[in-house]
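A.B. asks: I'd like to ask some things about the structure below.
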Amino acid sequence: MSRSEALDPIVSSVPVIPVVVLEDPAAAVPLARALVAGGLSVIEITLRTGAALHAIEAIASEVPGAIVGAGTVLSKGQLVSSARAGAQFIVTPGTNDDLLKAAEDSPVPIMPGAATATEVMTLMDAGYTIQKFFPAGPAGGIPYLKALAAPLPAIRFCPTGGIDAGNAADYLALSNVICVGGSWVVPADAIAAGDWSRIEGLARQAMALKGAL
Ligand code: 3PG
């Protein structure tokens, strides 16, 4: 049984998922509007700040067209509170037994993280055919993903960590990459300055990478 069916249309709809670290919850809605205006409608808000759950809630209720997910989900408690806040998908950097168990009852689809062949196989056995590959660059990047495709061609990845405008197209060209994730489209200084037009422009450029898929 595939546990990635409901996730597939979400991650297939965009070439890039912005990985957002938000300090100020008031920035959530204008930021999400700028990303959606630029075409990047799938947005990952990382649970690395106290603002994250409020941000997810605000985007889910106030930004039509946005598909907001929770990232950096490390525990069952975070999974449950993210879904309750309105997250439409969940991303984890890696996986442990507790998370895998909690994921079985999750009301929203999960993209669990893996970085080795063993981790990929463990998630595959649990039914996850779409996985986050993290941290993509430090773990081996494009050659590593190419090597995984030979024995594990059924698994598609969203590589994240070290992806930017300069290398995203090369990742997207791989047969086992479904989209990429990254923070380069949502720079901290642009968020802090409320420079939404810059973020919309970065989103537009990232959306143009669809051609690389
Ligand atoms: C993640 O949380 O998925 C990554 O840390 C984002 O990595 P980046 O900042 O290198 O894009």
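The values are calculated or read from the model by the stated rules, or taken from the named source; none is laboratory data. As the structure is a prediction and not an experimental result, all values here were calculated from the model. Virtual Cβ from ideal backbone geometry, glycine too; neighbours counted across all protein chains shown. Note: accessible area is taken over every heavy atom of the protein model, side chains too, but ligands, DNA and RNA are not part of it. Shrake-Rupley method; radii C 1.70, N 1.55, O 1.52, S 1.80 Å.
A.B. asks: Which value, in Å², gives the accessible area per residue of the chain when a 1.4 Å probe is used on the protein heavy atoms?
C.D. replies: With all protein chains present, the chain gives 41 Å² per residue.
A.B. asks: Could you tell me the convex hull volume per residue, in Å³, taken over the Cα atoms of the chain?
C.D. replies: About 102 Å³ per residue, rounded to a whole number.
A.B. asks: I've got another one for you. Once region 109-165 is represented by equal point scatterers at the alpha-carbon sites, with solvent omitted, what log10 I(q)/I(0) does the Debye formula produce at q = 0.20, 0.26 Å⁻¹?
C.D. replies: -0.64, -1.07
A.B. asks: Roughly how big is region 56-117's charge dipole about its Cα centre, with Cβ charges of +1 (Lys, Arg) and -1 (Asp, Glu), in debye to the nearest 20?
C.D. replies: 40
A.B. asks: Give the long-range amide H neighbours of residue 42: residues separated by 5 or more places, or on another chain, with amide H under 5 Å away, using H modelled in the peptide plane at 1.01 Å from N.
C.D. replies: Placed amide hydrogens put 67 under 5 Å from residue 42.
A.B. asks: Please report, in debye to the nearest 20, how large the charge dipole of the chain is about its Cα centre when each Lys and Arg carries +1 at its beta carbon and each Asp and Glu carries -1 there.
C.D. replies: It works out to roughly 300 debye.
A.B. asks: Can I ask one more? Where the only charges are on Cβ atoms (+1 Lys, Arg; -1 Asp, Glu), what is the dipole of region 101-213 about its Cα centre, to the nearest 20 debye?
C.D. replies: So the dipole magnitude of region 101-213 works out to roughly 240 debye.
A.B. asks: Carbon-plus-sulfur fraction of the accessible area of the chain, 1.4 Å probe, in percent?
C.D. replies: 56
A.B. asks: Sort out for me the Cα centre separation of region 79-97 from region 129-157, rounded to whole Å.
C.D. replies: Here the answer is 21 Å between Cα centres.
A.B. asks: Mind ranking 127-140, 144-157 by how tightly packed they are, going by the mean number of other C-beta atoms within 10 angstrom, highest first?
C.D. replies: Going by the mean number of other Cβ atoms within 10 Å, highest first, we get 127-140, 144-157.
A.B. asks: Compute the distance from the alpha-carbon center of region 174-207 to that of region 50-72, in whole Å.
C.D. replies: 16
A.B. asks: In square angstrom, rounded to the nearest 10, how much accessible surface does residue 23 have for a 1.4 Å probe?
C.D. replies: Rounded to the nearest 10, the figure is 140 Å².
A.B. asks: Also, quick follow-up: Rounded to the nearest 500, what is the 222 nm mean residue ellipticity of the chain from helices alone, with -39500 (n - 2.57) per DSSP H run of 4+ residues and division by all residues?
C.D. replies: Here the helix-only value at 222 nm equals -11500 deg cm²/dmol.
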